[in-house]
Structure formats: C-alpha cells, structure tokens
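Taking it in order: structure first as structure tokens, then the write-up.
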Amino acid sequence: MKVGICVQFRKDLDMAEEFRKAAAEGFDNCQLLSWDPETWTDENAALILRCVEESGVRISGFWCGWEGPKVWNSYEGQETLGLVPPAYREMRVRNLCDGADFAKKIGVTDVITHMGFIPEYPNDPRYKGFCDAVRTVAEHCASNGQWLLFESGQETPTTMLRSFEDIGCPNLGVNLDTANVILYGRANPVDALDVIGRYVRNLHMKDGLYPVNGHDLGREVPIGQGKVDFVKLIARLGELGYDGPLTIEREITGPQQTADIRAAKKYLEAILNA
C-alpha cells in the first residue's frame, strides 16, 4: 500500500503545476477528480498524459462527477445525488460513460463516482431503474476494459452489496471513503470491510465525526482527530490482501488543506512502516 493524493482537474487550474505540486509533496500516485464534462476532450487527455509523464505521478482512478443539482445532506441529497433520482438519471448515465471514455484515453481503468442514496428497501420503485442505469454504465466501462467504483457513504454497506448482486456486473468495485460512512451515519469503515472489503479497489483516507442531527452530515476533521481507527483499518485491508493506493482527501481549501495533507501523509506512513 502506498499513500496517494487527490488532484482536481478543472479548466481554471494549471494542471502541470497541480501534478508538480503533488510530486513535490512526495506523492507518486493520485486520483484525478473532475466534475466538468466539457473538459473531457482529446486535447486535455494529451495534456494529462504529459503531466503524468513529466511529474511521475500516476493516476490510480478517475473520479467522475455528473451534471445537475447536488445537495450534500440527508434530505435534499436523496432527491439530487447520483443515479437514484429518475429526473437526472439519463443525463448522468451519459456523463459517466463520457467520463469513462476520457479515463480510457488517459490510461485509467478505475472510474469512481457517488451513486446516490441507494434505497434500503429493495422494492422501492426507484431501485430497479437505478440498477438498470448502473448496469448500463458498468457494461460501457467493461467494453473499455474498466471497473466502475461506487464511492461509499450514502448507503449502508449491506445495501451496496445487495446492489452489486442485483446489478450482476463483474466489474463493480468500491472506493471506500473512510469518513463518508461516518459523516452519513451509515457505518464504521473498519466493520464495513467485513461486508464490502473484497470489492475495495481504492480509498479516500479521510476522518470525520458522526452526525448530531438527522438532517445534516457529520463534520470532516483532520486525519487522526475523528472516529476512524486507521491502525485497524490498514491492518484489516492487509488481511484482505489489499495492496492498492491509500488516497488522502481533505475537503477544505487553502493553506490549512496543505498542512492537513502533509500531516495525514506522515500519520499514515507511520502506520504503514510500523
């Protein structure tokens, strides 16, 4: 296992500089995060490939966003996020297939996204349509030789597992966000590995606190200051035979983000080297 970092891909950023900064901080792998389908062009694919070659920072996964509204809470989030809301499903299937094609152009086999609040009740009228939509994207990814990864958090691990079984595609996997399952009040990430661990292909190493009300998410905090037991998490990943990236994500901006990422890298590498 090696510690990695998230690199934002946006048209207002100098991507060569973003990759150089990642390399300067001692990272040799990253997830590339993008929410803008307009940037998924042949020209930008060539740009990203140059950035990878020049920096030596390889891309472990392409985090693929989608168009339309998004509200990160437990009320409006149910109506706006991922492939669950029927109103946005067709558009977002197209977004994810386009993102997968862009990922193929930059040599990335793992396509990651939030699928939304997957219904706990399997007879919920939205559930079958959701499974059909994911199957369409997964089959498109398979034609590209790619995996489709669910980022954890908005569903319980058991619900995610059930959806994998019902969708029935062999190229489904998990990007385990260690804080999200806590922030949404869905699970403990160490215990979640007992349910979905065999599907994990990447992680967001992040820390957080459980919700204090039924509407809002819990609070993200620097790694080591929340509820995630990273010692047990990394040990359990090792027991499962996981040897992939541990990708740090810190969802703030500015100098404090840089400081927290540096501290997280040191913290996680100390566990790995113990």
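A few remarks follow.
- Given (1) touching a strand residue (DSSP E or B) at 6+ places or on another chain (Cβ under 8 Å); (2) farther than 30 Å from K105 by Cα, number of the condition P245 does not satisfy: (2)
- Count of residues meeting criterion [surrounded by 14 or more Cβ atoms within 10 Å (Cβ to Cβ) and out of contact with any helix residue (DSSP H, G or I) (no Cβ under 7 Å at 6 or more places or on another chain)] in segment 11-21: 2
- Sole residue being in a loop (DSSP other than H, G, I, E, B), over 30 Å from A142 (Cβ atoms) and of a type in the set (K, R), chosen from K227, K266: K227
- Against the list (1) of a type in the set (D, E); (2) buried (at least 19 other Cβ atoms within 10 Å of the Cβ); (3) within 23 Å of T113 (Cβ to Cβ), the condition D260 fails is (3).
- Single match in R58, R135, R126, R94 (criterion: modelled with pLDDT of 95 or more, within 24 Å of H215 (Cα to Cα) and of a type in the set (K, R)): R126
- Check on E239, surrounded by fewer than 15 Cβ atoms within 10 Å (Cβ to Cβ), more than 23 Å from L32 (Cβ to Cβ) and at pLDDT 95 or above: yes
- Taken together, S60, S55 contain a single residue that is of a type in the set (S, T, Y), surrounded by 13 or more Cβ atoms within 10 Å (Cβ to Cβ) and under 14 Å from G107 (Cα atoms), which is S60.
- Qualifying residue in segment 228-250 (condition: over 20 Å from L193 (Cβ atoms) and β-branched (V, I, T)): no
- Selection from segment 161-206 of residues that are charged (D, E, K, R), surrounded by fewer than 24 Cβ atoms within 10 Å (Cβ to Cβ) and under 15 Å from G244 (Cα atoms): R198, R201
This table checks each residue for (1) more than 17 Å from G116 (Cα to Cα); (2) over 19 Å from the mean Cα position of the chain (by Cα).
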{"site": "I182", "(1), (2)": "no, no"}
{"site": "D191", "(1), (2)": "yes, no"}
{"site": "N213", "(1), (2)": "yes, yes"}
{"site": "I223", "(1), (2)": "yes, no"}
{"site": "V228", "(1), (2)": "yes, no"}
{"site": "R236", "(1), (2)": "yes, yes"}
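- Subset of segment 22-35 (residues that are in a strand (DSSP E or B) and surrounded by fewer than 14 Cβ atoms within 10 Å (Cβ to Cβ)): none
- Among residues of segment 232-248 being in contact with a helix residue (DSSP H, G or I) (Cβ under 9 Å, 6 or more places away or on another chain) and touching a residue at least 60 places away in the same chain (Cβ under 8 Å), the one that is nearest to V7 (Cα to Cα) is I248.
- Test result for V228, β-branched (V, I, T) and within 27 Å of I59 (Cβ to Cβ): yes
- Some residue of segment 116-138 being closer than 30 Å to D28 by Cβ and of a type in the set (A, V, I, L, M): yes
- T253, sole failed condition from (1) at pLDDT 95 or above; (2) surrounded by fewer than 16 Cβ atoms within 10 Å (Cβ to Cβ); (3) of a type in the set (V, I, T): (1)
- Filtering segment 249-263 to residues that are assigned to a loop (DSSP other than H, G, I, E, B), of a type in the set (V, I, T) and in contact (Cβ under 8 Å) with a residue 40 or more places away in the chain leaves nothing.
The values are calculated or read from the model by the stated rules, or taken from the named source; none is laboratory data. These numbers were taken from a predicted model, which means no experiment stands behind them. Cβ atoms come from the backbone with ideal geometry, glycine included; neighbour counts cover every protein chain shown.
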